[in-house]
Amino acid sequence: GFKQTNVVILHKSLADDFEKFCHANDGPLPLLYRSKPGDWECPSLSSDSDIRTDCLQYKRYEHGACTGSLQSLKEYSEQLKDMVTFYLGCSFSFEKTLQNAGIPVRNVEQKCNVSMYKTAVPCHTVSRFSCNLIVTMRPIPESKLEAAVLATSGLKEAHGAPIHIGDPGLLGIQDLSRTDYGDPVHLHPGDIPVFWACGVTGAEAVISCRAPLSFTHSPGCMFITDVKNNNIPDKSSREVPQVHCISQDPLHYSIVSEEAAQKIKTLESLIGIDPGDRGIIHLCRQDELLKACLAMSHARSVLITTGFPTHFTYEPPEENDGPPGALAIAALLQALEKEVSIVTDRRAMNLNKKIIEEAVQLGILKKPVPLLSYQRQNADSALMFLCENGNPERPRFDHLIAIERAGMAADGNYYNARKVNIKHLVDPIDELFLAAQTIPGVTTTGVGDGGNELGMGKVKDAVKKHIKNGDVIACDVEADFTVVAGVSNWGGYAIACALYILSTCEIHDRYLRKAVGFPQLSKKTTWFSALPSVNKEEKLLKTLVQHGVRSGKTASLEMEVDGLPFYDTHSLMIEKLL
C-alpha cells in the first residue's frame, strides 16, 4: 500500500540532462523527487531515510558497464557528495490496487519478482541519455483487461496505464521465458500478457551515458517510501479507458477513452441512414468503425482500393461513390504521417492519376498518393505484391482498405446491384485481401453500402437474406472489419473523422507512443485541416463529372432523406460528421 521507487544516482554534472530525459519519457520515468548533491534524504517521500542503505541491493556502473552489486553505498560516501539521487515511480506501487480490484497479480501469487524485458521501442533522446524502453509484464485474465487498465491509468506516478497488451513480439520481445531483469512469470490459461513502462529504463539510460561512476537500485529491490498510494479519483469519460481487440494474429489490443469511443459510435450511427431503403440496417455490426480505425491508427503503411464500374456501357464505367471517400481517408492518413498507396484497375490508372493530381491542386491531398495496379501472374502474385520478396514477415502494408470496390461473389464473378456481371472490368484485387488473411499483422477493412463490395463477405449471410438480389451479388470475400454506410463515401468520411478523434484522444495517443516522447496533440491543426469538408467534396465531385464519372445511385436525383434531395443530404452528412 506504500509507494515504491526506482533509484538512479548520477554525478551532478549529468543531473539536469537526466531530469529532462525523465520529463521527455515520463511513462517509464515518472520523477517523484530529485535530491540536491550530497543529500542522502528525501523528506517529501520519507521522514527518516538514507539512500546509501535503504535499498536491499544496489548496482554499480562504471563507464557504461555494470561492475557489481552492493548491499550498501556507505563506502562511496565521499563520491556521493557530488552526486544527485533521482527517485522514480515504480509499478510495484499499483499491485495492491490491482488486487483490490479483484485482479490476480501472478508474480505475487508465484512469490517471485516481476518479469522485465528490453524492448525495441526507443525512448526520446536527451543529450547523452539514449536507450530503449524497459517494460514489466503481468499476465492478466482476458476478462479483467479493462479493469486492469482502469485501475492503473490514474496512477501516473506508478507508470499509469499499460503501454501494450498482447503479443510481446510487437515490442521486439521474442521469448517471455527469457527475462532481461526479474523472473519469468507463468501465464495461466486465458491470461493475456500486459506490459507497463518500467523504471529500470533509468538503468539503461545510465549505461548509455557512460558516466565514470553511477548507481541504481537492483531491479526488484526498491526504495520504499512512507507515502501511501492514493485512491484513484472519479474519472470523466475523457479519462476512462476502454480496451478493444484489433488483431488475433498477432494478438493485439488497443486502448481508447470512453469519450472518444462514444463519438465514433455516433459517427457509425449517422452513416447508417439508408437513403435507398435497401435494408442495410441488417448488415451493420456494432463497433466495426471503432475497431477498424483503431487498427488503422496503429498501422504504419496503408493500402486503399476503390472503383466500382457499374456503368458498364459507358467510358469510363466508374461511379462517383468511392473515390471521394478513399481520398478523404488518404488525406487524413497523410496528415498523420503514415505511408498511403492506392491500388486500382489497370484500365483505370490514367483516370485515377488525373483525379489524384487534381486532388492535390484542390488542397484535398497534401501530396500525390502512389498509384499501383495488380495483376495475377501466378499463385504467389498477391504475396509478392503485399510483402518484400513475398516474405510474410516483411509486409509492405499493415492495413488494407476497400471502399466501394466491386467484390467477388461466390461464383467468382463480380455483379452490380442489378445482377449484371462486370467481371471483364475488374482486376482481381480481392486476392490481396485473401492473401492478407495469411500474413500476421496485416488487417483489412471493407466499406460498402449494398453487400456486393469487397470486404462485405463478413456479412454475406445477411446480404443474401435482406438485400435485393443478394443471393447472387453478395461479396464472398471477408475483411476483418466491415463498415456499412448508406453511401460508401459517407463511410470514408466517417473513417477520416474517427481517425482524427483517435489522434486527439490523450489516452490513445499515449498508448500509441508507448508513453515515451511527447504528446502529438501539437499537430492537431494539421490533422483538422485534412478532414473532409463540403467545399472539398463539391470540388472533387465536379472534377469527377468533368472526367465522365457518373453517379452510381439509381434515381439518386429523386431520392430524399428527411425531406432533403439526395445531394443536399450528402453535404448535410459531411456537416453532421464534422
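Side notes on the structure shown:
- Among beta bridges that DSSP assigns inside the chain, antiparallel share in %, nearest 5: 70
- Residue 200 - accessible surface, heavy atoms, 1.4 Å probe, Å² rounded to 10: 10
- Cα extents of the stretch 304-357 along the three principal axes, largest first (Å): 40, 18, 15
- Principal axis box of the chain, alpha-carbon based, largest edge first, Å: 90, 49, 44
- The residues packed around residue 336, meaning those with a beta-carbon under 14 Å from its beta-carbon, carry a net charge of +3 if Lys and Arg are +1 and Asp and Glu are -1.
- Ranked from largest to smallest solvent-accessible area, with a 1.4 Å probe on the protein heavy atoms, 12, 228, 265 come out as 228, 12, 265.
- The solvent-accessible area of residue 213, taken with every protein chain present and a 1.4 Å probe, is close to 30 Å².
- Calculated SAXS-style log₁₀ I(q)/I(0) at q = 0.14, 0.15 Å⁻¹ - the stretch 2-228, Debye, Cα scatterers: -0.83, -0.95
- Placing unit charges on each Cβ (+1 for Lys and Arg, -1 for Asp and Glu) gives the chain a dipole about its Cα centre, and among 385, 534, 286 the Cα reaching farthest toward its positive end belongs to 385.
- For the stretch 474-521 versus the stretch 131-209, the gap between their alpha-carbon centres in whole angstrom: 25
- The HN-Hα couplings worked out from phi for the stretch 375-380 by the Karplus form 6.51 cos²θ - 1.76 cosθ + 1.60 (θ = phi - 60°) are 10, 7, 10, 7, 5, 9 Hz, whole numbers, x standing for Gly and Pro.
- Cross-link partners of residue 144 among lysines (Cα-Cα below 24 Å; sequence separation of 8 or more within a chain): 3, 96, 111, 156, 235, 265, 291, 514
- Once the Cα-Cα distance is subtracted from the 0.36 nm per residue extended length, the residue 33 to residue 360 segment shows a gain of 112.6 nm.
- Under-5 Å amide H pairs with residue 192, H placed in peptide plane, nonlocal only: 140, 142
- Around the amide H of residue 242, modelled in the peptide plane, lie the amide H atoms of 256, 257, 258, all under 5 Å away and 5 or more residues distant in sequence or on another chain.
- Extension gain, residue 178 back to residue 312 (0.36 nm per residue minus Cα-Cα distance, nm): 42.3 nm
- Rounded accessible area per residue of the stretch 2-228, 1.4 Å, Å²: 40
- Approximate shape of the stretch 421-488 as ellipsoid semi-axes (Cα gyration tensor, √5λ), whole Å, largest first: 20, 15, 10
- The lysine pair count for the stretch 358-491, using Cα distances under 27 Å and pairs eight or more places apart or on different chains, is 12.
- With Cα atoms, 0 to 90° folded angle of helix 323-335 axis to the chain main axis: 20
- Taking amide H as placed 1.01 Å from N in the peptide plane, residue 365 has its amide H under 5 Å from the amide H of 360, each at least 5 places away in sequence or on another chain.
- For residue 291, the accessible area of its heavy atoms, probed at 1.4 Å with every protein chain present, is near 60 square angstrom.
- 19 Å Cα-Cα reach of residue 354 towards aspartates and glutamates, excluding residues that sit fewer than 8 places from it in its own chain: 315, 318, 319, 321, 345, 537, 538
- Ordered from largest to smallest accessible area (heavy atoms of protein chains, 1.4 Å probe), the residues 358, 146 come out as 146, 358.
- Accessible surface of the chain [probe 1.4 Å, protein heavy atoms]: carbon and sulfur percent: 49
- Listed values for the stretch 518-527 are Karplus-derived 3J(HN,Hα) couplings in whole Hz (6.51 cos²θ - 1.76 cosθ + 1.60, θ = phi - 60°), namely 10, x, 8, 5, 5, 8, 4, 4, 5, 5, and x replaces Gly and Pro.
- Normalising the average separation of contacting C-alpha pairs (under 8 angstrom, six or more residues apart) by the number of residues puts the relative contact order of the stretch 2-228 at 35 percent.
The values are calculated or read from the model by the stated rules, or taken from the named source; none is laboratory data. Quick caveat: nothing in here was measured; it's all calculated off a predicted structure. Virtual Cβ from ideal backbone geometry, glycine too; neighbours counted across all protein chains shown. Remember, those area values only see protein heavy atoms, side chains included, never the ligands or the DNA or RNA. Shrake-Rupley method; radii C 1.70, N 1.55, O 1.52, S 1.80 Å.
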